[in-house]
1. Among the residues of the stretch A:7-34, what is the count of those that are farther than 13 Å from residue A:210 by Cα and touching a helix residue (DSSP H, G or I) at 6+ places or on another chain (Cβ under 9 Å)?
2. Does residue B:146 satisfy being surrounded by fewer than 20 Cβ atoms within 10 Å (Cβ to Cβ), within 14 Å of chain A (Cβ to nearest Cβ) and either touching a strand residue (DSSP E or B) at 6+ places or on another chain (Cβ under 6 Å) or free of Cβ contacts under 8 Å to residues at least 40 places away in the same chain (or both)?
3. Search the stretch B:27-74 for residues being assigned to a helix (DSSP H, G or I) and within 14 Å of chain A (Cβ to nearest Cβ), and hand back the single one that is farthest from the chain's Cα centre (by Cα).
4. Identify, from the list B:123, B:103, B:42, B:99, the residue that is surrounded by 15 or more Cβ atoms within 10 Å (Cβ to Cβ), at pLDDT below 90 and within 30 Å of residue B:216 (Cα to Cα).
5. Checking the condition within 14 Å of chain A (Cβ to nearest Cβ), surrounded by fewer than 21 Cβ atoms within 10 Å (Cβ to Cβ) and in a helix (DSSP H, G or I), which residue from B:217, B:225, B:254 passes?
6. Would you check if there is a residue in the stretch A:130-144 being at pLDDT below 85, under 19 Å from the mean Cα position of the chain (by Cα) and within 14 Å of chain B (Cβ to nearest Cβ)?
């Protein structure tokens, strides 16, 4: 099977400080990859490189075998902080419609076809009834789901999430996790997250990034912790990763 | 009161009020949602340098003011895209030095007594000429055309510029373009409320409109309607009681804003 996303020998430095060193990563269709690691370890930088926000300095990122920059509309992106600009007068459906990539010039407003597509995207995330509401009137979790609908608008092959639950309450987080799990049945999902319950319950692969990358998938086959009841801390997981690392990885 | 309408200058003033209210409503909305209010203030004051030079060299005032304002807009756009941390310094520089100081010095250097000075600071809607009206109309047409063609892109850039950039919208271009339109709008708005009060016209009606509307287009419509209301009421007061027009308009706007805030406060309690 060919990987849908392939990162080859990728290194990146801000001025003189190396942030990523010789990263190699393959992501296959319908994978659910969680990227974890300490702050400043390079998680967001990798995300920005995949999205084309940061320029690749050395190495390569390929989507379906071609340069990722040609395939930006195949990547849906959900940013970290969705609580920005909540005063902004914009309807939920308009936020979703931002997802389009067409270079065509539009006259005022949106075509019926696009409105329909926006409604479908909202339906997928369970926000159908909110199309005409002001985005600021929604809760954090609801707004996050709208951002997911926006990312789904172009029918992407890969969905990238940057800390999808960092700015919402616990009840909202649960719904988001469920949604992510459902989505991952059809789309490749990559999540950068501090929240370990998502990593342990839903992810099929875990990549730990701290300048270099270590990939684990055995970890999840012999889950030792029940995350349904307890939220546990990062130290524990890193410990766990350290152990399974010895058992299952050759590195 | 109605007999005032038979005067040519009063007719011009009314037409200008309508046109400028629409401009202020649209551009004010963009300025507020893009958090450019302070930038607009800098641009307004910089344009005074252009007014001073125009008076000295005897070129049309609008031309001088527009050149300075657009120059300031381009500079501020460049800085905010490249060196955001130096923004305050640069706004201070163009606001005080390039703008006001150059303006005042050139007016000093101009031979003869200059009566017009105050009118640029506080507006002189009763002195709107036919040429002014042409200039204002062209600007309004450009603004409406821009919105018709690129409403979605402008909305995307204003709401979430990072995401818009990801989707291939030329964010820097639109940011700069909005600032240039803002500069030209500030120049025409100076005509009715003066450069000291222009920021008030670009923000007070907009604040109310933002609360009332759920879309950017709606906000622009409400803002324009409110600006027009404030301008006409202010103008009527100014005519009736022989008051400075710009100050009257802004006081009317401030009055309505305070009433609105009170209603909002009581409503939420």
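The values are calculated or read from the model by the stated rules, or taken from the named source; none is laboratory data. Not measured: the values here are computed from a predicted model. Cβ sites come from the backbone with ideal geometry, for glycine too, and all protein chains shown count toward neighbours.
1. Residues in the stretch A:7-34 being farther than 13 Å from residue A:210 by Cα and touching a helix residue (DSSP H, G or I) at 6+ places or on another chain (Cβ under 9 Å): 6 in total.
2. Details: surrounded by fewer than 20 Cβ atoms within 10 Å (Cβ to Cβ): yes; within 14 Å of chain A (Cβ to nearest Cβ): yes; either touching a strand residue (DSSP E or B) at 6+ places or on another chain (Cβ under 6 Å) or free of Cβ contacts under 8 Å to residues at least 40 places away in the same chain (or both): yes.
Criteria met by residue B:146.
3. First pass over the stretch B:27-74, keeping only residues assigned to a helix (DSSP H, G or I): B:27-33, B:37-57, B:61-74.
The next check asks that each one be within 14 Å of chain A (Cβ to nearest Cβ); those that pass are B:28-33, B:37.
Values: B:28: 7, B:29: 11, B:30: 11, B:31: 9, B:32: 12, B:33: 15, B:37: 10 Å.
Ranking the candidates gives B:33 first.
4. Working: B:103 fails: within 30 Å of residue B:216 (Cα to Cα); B:42 fails: at pLDDT below 90; B:99 fails: within 30 Å of residue B:216 (Cα to Cα).
So the residue among B:123, B:103, B:42, B:99 that is surrounded by 15 or more Cβ atoms within 10 Å (Cβ to Cβ), at pLDDT below 90 and within 30 Å of residue B:216 (Cα to Cα) is B:123.
5. On the way: B:225 fails: within 14 Å of chain A (Cβ to nearest Cβ); B:254 fails: within 14 Å of chain A (Cβ to nearest Cβ).
After ruling out the rest, the residue left standing is B:217.
6. Checked against the condition, which is being at pLDDT below 85, under 19 Å from the mean Cα position of the chain (by Cα) and within 14 Å of chain B (Cβ to nearest Cβ), the stretch A:130-144 yields no hits at all.
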